[in-house]
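Step one of this worksheet: look at the structure below.
The values are calculated or read from the model by the stated rules, or taken from the named source; none is laboratory data. It should be emphasised that the depicted structure is a prediction, and the values quoted were computed from it without experimental measurement. Here the Cβ positions follow ideal geometry from the backbone for every residue, glycine too, while neighbour counts run over all protein chains shown. Surface accessibility is based on the protein's heavy atoms, side chains included, excluding ligands, DNA and RNA. Shrake-Rupley method; radii C 1.70, N 1.55, O 1.52, S 1.80 Å.
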Amino acid sequence: MFKKLLLALIVIFGAALLTSAQDEKPPLREIYKVLSYGDDVFEPDLWFASATETLGMTTAQWEARTLGALSYVVYRHFDEGIKPEDVATYFDSAWFEAAFANYESFRKVGVCYDGDVTLHKFNLKLYETDFAMRYWVEPVSDTRVKAMFIVFPSADVAGLDDYATRLYP
């Protein structure tokens with residue numbers, strides 16, 4: 001009798017553990033979180049998406065060749081932590097010079113702030129084509145900073161503004 005009771009308790013306890021383990025969801029990989037920024041913004045039949053994960057960053061990119069447009073987000077990893085006041089120091093003029101090194105020219109035409117979010121506006125030139133860009137920098141945690149941009153040919157500023165508003169309403 002004792003053996004049957006013990007066996008029944010083991011089966012019940014095991015079933016409870018199994019059920020509990022099934023209720024727990026594994027943590028969402030950061031690459032999916034980063035890709036999710038485009039879910040309600042970029043139409044899959046128009047924008048091609050790709051993403052990567054490395055130790056120092058997680059990135060996603062959306063490209064719409066028919067529009068001549070590109071959007072890119074990077075989660076910069078600061079595993080030792082970064083203070084909100086240090087974010088602007090990290091994303092300074094030297095950062096943008098390095099980020100835009102492949103462009104023929106670039107010029108910052110504006111900057112504005114909304115809480116912790118900073119929006120930088122740029123005009124750029126690549127292959128003799130003029131582009132307009134919106135570039136947001138936003139701390140998302142003590143160890144992650146999101147830098148996201150969208151760029152369109154300057155001839156389609158209305159398209160740029162439409163997608164920029166979808167990204168940051």
In the range 154-169, the residues that are surrounded by 14 or more Cβ atoms within 10 Å (Cβ to Cβ) and touching a residue at least 60 places away in the same chain (Cβ under 8 Å):
156, 159, 160, 163, 167
For the range 71-90, check the following and say yes or no: at least one residue is among the basic types (Lys, Arg) and touching a residue at least 60 places away in the same chain (Cβ under 8 Å).
yes
Go through 155, 164, 147 for me and flag whichever is in contact with a strand residue (DSSP E or B) (Cβ under 6 Å, 6 or more places away or on another chain) and not in a strand (DSSP E or B).
164
Of the residues in the range 143-169, those that are acidic (Asp, Glu) and closer than 21 Å to residue 36 by Cβ come to 162
Across (1) in contact (Cβ under 8 Å) with a residue 40 or more places away in the chain; (2) part of a strand (DSSP E or B), residue 136 clears everything bar (1)
Conditions (1) among the aromatic types (Phe, Trp, Tyr); (2) closer than 19 Å to residue 35 by Cβ; (3) open to solvent by 60 Å² or more (accessible area, probe 1.4 Å): number failed by residue 136
(3)
Quickly run through the range 60-112 and pick out the residues that are of a type in the set (Asp, Glu) and over 30 Å from residue 45 (Cα atoms).
79, 80, 85, 86, 92, 97, 104
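Could you list all residues from the range 122-133 that are open to solvent by 10 Å² or more (accessible area, probe 1.4 Å) and assigned to a strand (DSSP E or B)?
Hits for the range 122-133 are 123, 125, 126, 129, 130, 131.
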Please work out if residue 116 is open to solvent by 60 Å² or more (accessible area, probe 1.4 Å), in contact (Cβ under 8 Å) with a residue 12 or more places away in the chain, within 25 Å of residue 35 (Cβ to Cβ) and touching a helix residue (DSSP H, G or I) at 6+ places or on another chain (Cβ under 7 Å).
yes
